[in-house]
1. What does the charge dipole of chain B about its Cα centre add up to, to the nearest 20 debye, if the Cβ of each Lys and Arg holds +1 and the Cβ of each Asp and Glu holds -1?
2. Using θ = phi - 60° and the Karplus curve 6.51 cos²θ - 1.76 cosθ + 1.60, what whole-Hz ³J(HN,Hα) does each residue of the stretch B:298-303 get, with Gly and Pro shown as x?
3. Considering only protein heavy atoms and a 1.4 Å probe, what is the carbon-and-sulfur percentage of the accessible area of the stretch A:362-472?
4. What lysines could a cross-link reach from A:Lys430, if we take a straight Cα to Cα line under 30 Å and drop same-chain neighbours fewer than 8 places away?
5. Can you tally the net charge around B:Ile15? Count Lys and Arg as +1, Asp and Glu as -1, for every other residue whose Cβ sits under 10 Å from the Cβ of B:Ile15.
6. Quick one: check the C-alpha center-to-center distance for the stretch B:287-312 versus the stretch A:196-271, whole angstrom.
7. Please name whichever of A:Gly380, A:Asn411, A:Ala390 sits farthest to the positive end of the charge dipole of the stretch A:365-417, dipole taken about the Cα centre and charges placed at Cβ: Lys and Arg +1, Asp and Glu -1.
8. In Å², and per residue, what accessible area does the stretch A:29-168 have when probed at 1.4 Å with the other protein chains present?
Amino acid sequence: MTWDVVIGCEVHCQLATKSKLFCSCSTSFGAPPNTQVCPVCAGYPGVLPTLNGAAVELAIRAGRALGCEIQDSSTFDRKNYFYPDLPKGYQITQYNRPICLGGSLEFEVDGQGKSVRLTRIHIEEDAGKLSHGPGGTVVDLNRAGTPLIEIVSEPDLRSADEVVAYLKSLRNLVRWIGVSDGHMEQGSFRCDANVSIRKGTDEPFGTRVELKNLNSFMHVKKAIEYEVARQASELDSGRKIIQQTRLWDDRAGVTRAMRSKEEAMDYRYFPEPDLPPLQLPDGWDSVPLPELPAERVARYRDQLGLSAYDAQVLTAEPDLSAYFEDVLSTGANPKTSANWVQVELLGRLNADGLSATESPVTPDALGQILARLADKKLSGKLAKLALARAYEGEKLAAIFEDLGEQVVDPNAIREPVKQLIEDNPAQVQKYLDGNQQLIGWFIGQIMKTSKGRANPQVVKSVLTEMLEATRE
Amino acid sequence: MTIHHQSATQLTRIICAGDISAYEVTTASLEQIQAENPNLNAAITICAEKAQAAAKRLDESIGRGEIPGPLAGVPIVVKDNLCTEGVETTAGSHILRGHIPPFTATAVARLVNAGAIIVAKSNLDEFAMGSSTEHSAFGATKNPWDHTRVPGGSSGGSAAAVAAGWAPISLGSDTGGSIRQPASLCGVYGLKPTWGRVSRFGLIAFASSLDQVGPFARTAQDLAAALQVMAGHDPHDATSTAYATDALNTALEKDIRGQRIGICPEWMSGNGLSTGVADTVSHAIEVFEKMGAKIVEVTLPKTQEALAAYYVLAPAEASSNLARFDGVRFGVRNEANTLPEMYKSTRGTQFGDEVIRRILLGTFVLSDGYREAYYRQAQRVRGQITHEFESAFADCDLIASPTSPVIAPLIGAQTDPLAMYRMDEFTIGANLAGLPALSIPCGYSDSMPVGLQLIAPKFREERLLSIAAAYERHAGQPGVAS
Ligand SMILES: [Zn+2]
């Protein structure tokens, strides 16, 4: 039988602050172990946390972009457990009164609109990292105290594909508004999924299983599909689902039980006495938000006349969208720009594994090429050639100088055409005898002698006119 | 009189006048400490070299004509749960043996910046958990007035140091009475400021929402000077406040005529209150009345539940605060084959019994299924007590009571933890409500000092100091124990 799948997500998203949540240590990735640590984030006796205002601002920005109710007053709590990567023996988080409640995210799955409701967003600190080696286990506290937001969704997702689309859209959004760099491979965007199945959409929710260790979109998809199949086979064979946490083992392609509900940790939450309630100052909502992806899609479609598909592609990723916006700001035609960015540029960038910000052709350079195309100073073919050469690193001025300007004056073409007709009487006769296809050969010859600068339309009309004139 | 037995204010005056050097004062203090500590055991660490070096630097700077701080050259003793950079800080626990903090507690740093010189780190009940300083990994401290008795606790070492004349000022921490009770038992002033008045940064936390750093002294003026220097906002402590300290300056001269002093009948009898203490405190209150204060009756019925609420909330926070002592990053580690064994062995053997008792208690009251009945209920009681104090202060300016129900007990006499907890009966309320409170030495019972507690509304420390100074003008300065 087929099962209705119910999934809710908890996303941990590292906030793009320079310093940690409760001290001034750097948050940059990849530093040698334990070089970004101070007594505060190492949990030394006597230290106290002081809240990083930049983290609060980013959390609020995320909440506003997701339509949450931002709380004027929120509080911090301690989540207590022992682990060597948790220096204080507790994590400071927002358990009882988070900074954001509610909200939703709208996105598309296979061309269909989908909306997922959010439960809450809260601020918390990250733990450090353990590395297990032959010499034993070592603790690296560089990441300890890094600011995170946890974005918790309602169980509104119905398939692995929906979850992936939700996560991609959410990741795009947080990167878009500068809340997070969203690097999954560096752990700055992590997802846990709560998966359950039920017989029909009217049935109550089934027992849920929490999936962890989902380190890429591919892992998310494979783990959920595996877990849904596993739960279905359990129920089909008359067994029950046990509420538990399971880890995705990508090498084996299975989920494995980590701990059951009975073994669940008792975190002994209580209010953090070292931090006063977080009261937002007046005017926290006066800073305008940037145009959000969904708003930009609508503008591209409704005002610029781009296709829905083009609008989606060009807003799927903040770097690319910013690039496209910069091309538009040179005054280039939106549809032409959309074509050129997607067809001519994106293919090259993807092949080279570059992001739009790393493009060898700047938005301004592309704008200049498109301007010469629009002015007919460059033919489409030469404009493409110019882009190709600029991509290889050639200076734009040198390329334009070398290619020169397209010849659009018919009179400038009459002389070489006259010469061509005189030099090729046999071909002219064939043409006059009815082989109209030969016009292409004539055009090609003129383009060759003009080194591609002649405008093909002008060449064609001059050629037709002068060939016909030889009939008399 | 020995040089360093003068008040801090007087010492700074004569050092700045060039009558004596800070080095001489420091050396006199250190000589007394070194002679007496083997018997008194009030110090865990004596900072002889560092103190003499600091005194020399101070003398040189005064010689160069630099303007000295308000506590220039004053020897101070610091409770060993306040971090001192480069000086071992143990919190009275085996688990922190050899721990040298990389920073200095803000309260201590402010005193040092004002010219004070740390001569010793004082003994305490382990992690400030206790009321007798017997629960220290470094042995019990003796009461300078009678070496067979305890000095009280947990800041017993700091109270004993000032009582013995080692230094005019010392620092303690007060979570349920840990400054006021030993001050009372040792016959010195002990002030617990308003929660948030003095930064807690660098204080090794016991129960963060109750802990507060405060001074001991033998004169009201020294007490005011120390508080003035330590008070104020600290960027390292988000709960510290920038509340004005202006009123502290004029408090000492203020006439107490018309001040309404509230007396709570249920605190003046019963509750294990000894008649000797009750009579001495009543007599002091009569003196206040003679000086023009108005005695009014107030009622604080909910404070009967303060002790119960405290012994839920304080251990709850302690169980979390002490989780960091896991043998991973600092202090002592017992090596073992697995991580859980390392945790169990380190914490099971390096913590003392009283600390383990409170960690277990705190873990229990926060656990799933018990949190509502214990932790949340205690929080509600705490709210009610806070409200009750606020109402009482509508009818009075201060509340007076005994500090401790009894004089200093004999060393080893208290074997029942509950009996020890009861000694905090009168002091705990001020911690739960975050109020400033002071113990004033007000006489003797059985030749042992008795303390009177005054509690004021939040940030009204000046009222406490006014009464203390007025009483001191009447009764004289408390003397050095002999
Ligand atoms: Zn740090």
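The values are calculated or read from the model by the stated rules, or taken from the named source; none is laboratory data. Just so we're clear, the structure is a prediction, and the values are computed from it rather than from any experiment. Cβ: placed from backbone, ideal geometry, glycine included. Neighbour counts: every protein chain shown. Accessible surface areas use protein heavy atoms only, side chains included; no ligands, DNA or RNA. Shrake-Rupley method; radii C 1.70, N 1.55, O 1.52, S 1.80 Å.
1. Values: 38 positive and 48 negative charges, 103 e Å.
The calculated dipole for chain B is roughly 500 debye.
2. Ordered by residue, 3J(HN,Hα) equals 10, 10, 9, x, 5, 5 Hz.
3. On the way: 3350 of 6340 Å².
With neighbouring chains kept in place, the figure for the stretch A:362-472 is 53 percent.
4. Partners found: A:Lys381, A:Lys418, A:Lys448, A:Lys451, A:Lys460.
5. Its environment carries a net charge of -2.
6. Using only Cα atoms, the two centres lie 57 Å from each other.
7. Of the options given, the answer is A:Gly380.
8. Working: 5240 Å² over 140 residues.
Spelled out: the 1.4 Å probe surface of the stretch A:29-168, per residue, equals 37 Å².
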